[in-house]
Amino acid sequence: MSDAEAIVIHADKDLEDLIPEFLDNRRGDVDAIHGALANDDFETVRVLGHSMKGSGGGYGFDDITTIGAALEQAAKRQDRDAIREGLAQLAHYLDKVKVVYEEL
């Protein structure tokens with residue numbers, strides 16, 4: 001991935017041990033939401049979206065917070081198309097994000 005394509009996030013160096021696992025967990029959420037959607041399990045989608053909404057900003061990933069909120073609301077409406085759109089946005093974001101650790 002070229003730097004022009006990357007979504008660069010500047011994160012506190014103190015979070016360097018935590019952020020890779022946080023991002024890996026979000027990649028797992030993509031798979032979990034796909035599975036939940038296939039089983040019409042909107043509650044799981046809602047809970048995962050709510051969790052992302054609550055945790056993304058704390059790690060400096062405001063886009064994950066926004067996507068999580070959208071997924072949560074889509075799940076409440078049982079809006080499959082909006083859930084698929086949120087999943088695509090999340091997967092794209094996770095593929096493109098590059099974390100630069102700094103003393104903040």
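Taken together, the values in this text are just the output of simple stated rules run on the coordinates, not laboratory data. Not measured: the values here are computed from a predicted model. Note that we place each Cβ from the backbone using ideal geometry, even for glycine, and neighbour counts take in every protein chain shown.
Sorted largest first, the principal axis extents computed over the alpha-carbon atoms of segment 7-102 equal 41, 21, 17 Å. In terms of the mean number of neighbouring beta-carbon atoms within 10 Å, the peptides 57-65, 15-23 order highest first as 57-65, 15-23. For E21, neighbours were defined as the other residues whose beta-carbon sits under 15 Å from its Cβ, and their charges (Lys and Arg +1, Asp and Glu -1) total -3. Once the other residues with Cβ under 9 Å from the Cβ of L48 are scored (Lys, Arg +1; Asp, Glu -1), what is the net sum? Summing Lys and Arg as +1 and Asp and Glu as -1 gives -1.
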